[in-house]
Amino acid sequence: MEIHRVKHYRHLFFDLDHTLWDFEANSRAVLAELHAEFGLAEMGVDGDAFIPAYEEVNVALWARMEAGTIPKEVIRALRFNQALEQFGLRNAGLAKRLEETYMERCPRRSTLLPGALDLLEDLRKDYRMHIITNGFTEVQGVKMDASGIRGFFDVVLTSEMAGASKPSTRIFRHAMRSAGAKLQESLMIGDNAVADIGGARRAGMDQAHLAPLESGDPQATYRITRLDELRAVLL
């Protein structure tokens, strides 16, 4: 897809997980540590299967939250329980310890998606930048501090702070008010076709969908497969 440079944006709204902060790499590193440290192999939890099992459960629970069928707190209560149950292991105490350790360690990991830091450095000269995230308030700031990107953003808005989660238009309107931005001068950048792209579109914002070409939203204003491709749009 050919992308032409545009000049009318003043505000850039980024998703955090999977868009700037490399959730997959950081999460998998911690999950591998937990599998070893908690002796899960000795309990019958195969090492090669544990991470995919957890990720499948986690993605499904987040999708239910974004659809409005469960509150966010349920994700933390259920994900390790359900992952362990796939190996026939029912141990609520172990699941709780895994969740607590995961939540303590994972946000402190610092890996960003390729090109993220350089891109933010280049964009900061011409744009005001903000974060809109469905992630847990208490950990999103830790992630940003650990990865060294906190200082790039004026407004950091979580769903808990806004009282609404993406894709609800309420969180996008809240972000506009907080940033003093207008819809026509704002661009939402994210990886999730439903929460980031569909939500921003319904709110009246342009969108840049970061996703593999075969799964990019065909209705998105821009479709990119790498963060560096934003340079053609914004720089």
Review point. What ³J(HN,Hα) values, in whole Hz, does the Karplus curve 6.51 cos²θ - 1.76 cosθ + 1.60 give for region 213-226 when θ = phi - 60°, with x put for Gly and Pro?
Key: 3, 6, 10, x, 5, x, 8, 4, 4, 9, 10, 10, 9, 9
Exercise for review: Would you kindly state how much longer the chain becomes between THR137 and ASP46 on full extension, computed as 0.36 nm times their sequence separation minus their alpha carbon distance, in nm to one decimal?
Suggested key: 29.5 nm
Point to revise | Coordinate range along principal axes, alpha carbons of region 1-105, Å, largest first | key: 58, 29, 27
Point to revise | Cα centroid of region 54-68 to Cα centroid of region 131-170, whole Å | key: 18
**Study point:** Spherically averaged projected area in nm², based on the convex hull that wraps the Cα atoms of region 89-235
**Key:** 10.2
Check your understanding: Given a 1.4 Å probe, how much area per residue of the chain is accessible, in Å²?
Key -> 46
Check your understanding: Got a sec to turn the phi values of region 200-206 into Karplus ³J(HN,Hα) couplings, 6.51 cos²θ - 1.76 cosθ + 1.60 with θ = phi - 60°, whole Hz, x for Gly and Pro?
Key -> 5, 4, 5, 7, x, 9, 5
**Study point:** Exposure rank, largest accessible area first [HIS209, HIS18; 1.4 Å]
**Key:** HIS18, HIS209
Practice item. Let me know the charge dipole size of region 45-101 about its Cα centre in debye, to the nearest 20, where only the beta-carbon of Lys, Arg (+1) and Asp, Glu (-1) is charged. Key: 280
Revision key, fill the gap. Taking only protein heavy atoms and a 1.4 Å probe, the highest-to-lowest accessible-area order of GLU37, GLU42 is GLU42, GLU37
Point to revise | Within region 1-143: Cβ-based charge dipole about Cα centre, in debye rounded to nearest 20 (Lys, Arg +1; Asp, Glu -1) | key: 620
Practice item. Please give, to one decimal in nm, the separation of the simple spin-label points placed at LYS182 and ARG64, each 7 Å out from Cα toward the Cβ. Key: 4.3
Study note, to complete from the structure: Here the net charge surrounding ALA175, from other residues whose Cβ is less than 15 Å away from its Cβ (Lys, Arg +1; Asp, Glu -1), is +3
Point to revise | R0 of 25 Å, Cβ-Cβ distance ARG124-HIS18: FRET efficiency to nearest 0.05 | key: 0.70
Review point. Once the whole set of protein chains is in place, how much accessible area is left on ASP191, using a 1.4 Å probe, in Å² to the nearest 10?
Key: 40
Check your understanding: Counting only protein heavy atoms, what percent of the accessible surface of region 25-159 is carbon or sulfur at a 1.4 Å probe?
Key -> 51
Point to revise | Calculated FRET efficiency for the pair GLU33/ALA232, C-beta based, R₀ 30 Å, to 0.05 | key: 0.20
Review point. In percent, what relative contact order does the chain have, based on Cα pairs under 8 Å that are 6 or more apart in sequence?
Key: 25
Check your understanding: So who's got an amide H within less than 5 Å of the one on PHE14, skipping anything under 5 residues away but keeping other chains? H placed 1.01 Å off N, in plane.
Key -> HIS130, ILE131, ILE132, ILE189
Review point. Taking a probe of 1.4 angstrom, what is the accessible area of MET205 in Å², to the nearest 10?
Key: 0
Practice item. Specify the angular offset, from 0 to 90 degrees and rounded to the nearest 10, of the alpha carbon long axis of helix 72-85 from the longest principal axis of the alpha carbons in the chain. Key: 40
Practice item. Tell me which residues come under 5 Å, amide H to amide H, from ARG223 once H is placed; ignore anything under 5 positions away on its chain. Key: HIS209
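The values are calculated or read from the model by the stated rules, or taken from the named source; none is laboratory data. Predicted, not measured: the structure shown is a model, and the values here were computed from it. Heads up, the Cβs are rebuilt from the backbone with ideal geometry, glycines too, and the neighbour counts pull from every protein chain shown. Accessible surface is based on the protein model in full, side chains and every heavy atom, while ligands, DNA and RNA are left aside. Shrake-Rupley method; radii C 1.70, N 1.55, O 1.52, S 1.80 Å.
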